[in-house]
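Here's the structure we're looking at; comments come further down.
Just so you know, all these numbers are worked out from the coordinates, no wet-lab data involved. What you see is a predicted model; the values in this text were computed from it and never measured. Every residue, glycine among them, receives a Cβ derived from its backbone with ideal geometry; neighbour counts consider all protein chains shown.
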Amino acid sequence: MIGSGTLTKQIAGYLARTGFDALDTEALRATKEHILYTLGTILAGSSAPGITPALAGAKALSGPSQESTVLVTGEKLPAASAALVNATMGHSRELDINDDRIAYKSSVTVVPAALATAEKVGNVSGRDFIAAVCLGVDLGIRLGLATNPKPIHARAIALGPFAATSACGKILGLDEMGMHSALGIAFCRSTVAGNSTAAPSLSKRLGVGFASQSGVVSALLASAGFPAAGEVFQGAAGFFQTFYRQEGDSDALADQLGRRFEIVLVGPKPFPSCRYTHCAVTGVLELLRKHAVKASDIQEVRVQIGERDMRSVGGWSEEEKKKKRRPEGVVDAQFSIPYTVAATLLSGGLSLEDFTDARLRSEEVLNLAARVKPILNPELDRGPMDVKPQVVEIYTRDGKVLSERVVYPKGNPNNPVTFAELVAAFRGMASYAAKPLSADKIDDAVSLALRLEEIDNVAVLAKLLTA
């Protein structure tokens, strides 16, 4: 019955009962890849704007407890504060893993919270850590898939507290009642505010950190015995009705719990920009692969996008279009079709190098960005996923038109990143750490992630990933 706590009880029981042995080969592979890649996004984000004050603020709010590690710097903070900083770093380069069906950042709240809690608890095995991450990521995705109306733009600040709480609850060994309470407490920490992509700012990054922090706090409160029974998700006062004004799809949420894991349908995000730019970037790269086109040959580039993408990464008003062509800062550039397409055409790819201050001021890039025209095509909004198809058309000075339609951007399971590409991406992200990490540490981290289920204490990951 709605409001009775029945659905939440079912989910809490599943979380409490399900362990490593439930994961099949694909779920194990995907979870280890998510862990390695997410750790890489944290390393890269450690040098991003806003991280130094975020760390200083977390230290000022923290007591003397030295439980968990801030990666790269090696600072020791209470577990919740370490999760806050690490998750904020993980989201700061726009590289964190994205579910194209619902635009949900699936791992960036879970992995930092789980690692911080594992350090606090001590002697948490790789098997238990993998299971916790897999179950946490799975629940967050399921909540997004269950949300109506569809397709939903599922925010990590809304779903992340539940996902991170589930992972931390597993590591703390919560039983069904404890898990139920932890989910109820997590609901108190869930929000949909402050995560704008239409007017992006650095607060977007911090919101993900708060979601990860909430996972640690909620699980610890439940572990201490704080009760929070009742139905969390359904009913007039439940999660779905509160934030989305429609009841969620309980069948989608509960289907094959513990037997099918959604993490296998989500892949790494290969470019450090808003996912809504990735079909265009993927299309440009495909055209460069097929044709010997140079930036000097280009008269104009037209990118057909839907209305939703136009409002977020294309520019709806004339003032917004101007900012997309000449970004005022790195976040503006990450949310710009003209800038990301121009940078890709000139670099033959899109990397963190394209979002440095020098690159943002490059007249070569900006002049080409001025010739990239987002074109509204409402038909593209009919795509079933949150990440919509886009069409790239390059008009050359000699009259040719080169065209590429992209439905699945690079990184989607239908257009996957290979394992070799994933490891290369991890190494590349590590090179942006605020403090240099030795080559041996990077090698050891990759090796350890591949055999994570064999180790006795995952805290070794934090030691490897500090300078």
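Data for the structure
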{"item": "Angle between the chain longest axis and helix 337-347 axis [Cα atoms, degrees, rounded to 10]", "result": "70"}
{"item": "Sites Glu307 and Thr52 - FRET efficiency at Förster radius 35 Å, r taken between beta-carbons, to 0.05", "result": "0.40"}
{"item": "Distance from segment 309-327 to segment 32-75 (C-alpha centre basis), Å", "result": "32"}
{"item": "Three semi-axes of the equivalent ellipsoid, segment 275-406, Cα gyration tensor, whole Å, largest first", "result": "20, 19, 13"}
{"item": "Amide H partners (placed H, <5 Å) of Thr147, local residues excluded", "result": "Asp249"}
{"item": "Ascending count of other beta-carbon atoms within 10 Å, so fewest first, for Phe243, Phe419, Phe210, Phe271", "result": "Phe419, Phe243, Phe210, Phe271"}
{"item": "Per-residue [θ]222 nm for the chain (sum of -39500 (n - 2.57) over DSSP H runs n ≥ 4, rounded to 500)", "result": "-15000 deg cm²/dmol"}
{"item": "Long-range HN-HN contacts of Tyr104 with modeled amide H, under 5 Å", "result": "Asp99, Ala154"}
{"item": "Mean separation of Cα contacts under 8 Å (6+ apart) over length of the chain, as relative contact order %", "result": "22"}
{"item": "Residue exposure sequence - Arg382, Arg205 - by fewest surrounding Cβ within 10 Å", "result": "Arg382, Arg205"}
{"item": "C-alpha long axis of helix 25-45 to longest principal axis of the chain, angle in °", "result": "70"}
{"item": "When each of Lys105/Lys441; Lys59/Lys170; Lys76/Lys441 is checked by Cα-Cα distance, pairs over 23 Å", "result": "Lys105/Lys441; Lys59/Lys170"}
{"item": "Residue-wise HN-Hα coupling along segment 423-436, computed from phi with Karplus coefficients 6.51, -1.76, 1.60 (Hz; x: Gly, Pro)", "result": "5, 4, 5, 4, 5, x, 5, 4, 5, 9, 4, 4, 10, x"}
{"item": "J(HN,Hα) series, segment 296-301, from Karplus relation 6.51 cos²θ - 1.76 cosθ + 1.60, nearest Hz, glycine and proline x", "result": "5, 7, 8, 7, 6, 10"}
{"item": "For Lys373, distant residues with modelled amide H under 5 Å away", "result": "Val301, Arg302, Val303"}
{"item": "Residues Cys274, Cys279 arranged by fewest to most Cβ contacts within 10 Å", "result": "Cys274, Cys279"}
{"item": "Extension gain, Ala424 back to Glu379 (0.36 nm per residue minus Cα-Cα distance, nm)", "result": "12.6 nm"}
{"item": "J(HN,Hα) series, segment 369-374, from Karplus relation 6.51 cos²θ - 1.76 cosθ + 1.60, nearest Hz, glycine and proline x", "result": "4, 5, 9, 9, 10, x"}
{"item": "Contact order relative to length of segment 275-406, as percent, for alpha carbon pairs under 8 angstrom and 6 or more apart", "result": "40"}
{"item": "Over 22 Å (Cα to Cα) - which of Lys294/Lys323; Lys290/Lys322; Lys294/Lys373 fall in this group", "result": "Lys294/Lys323; Lys290/Lys322"}
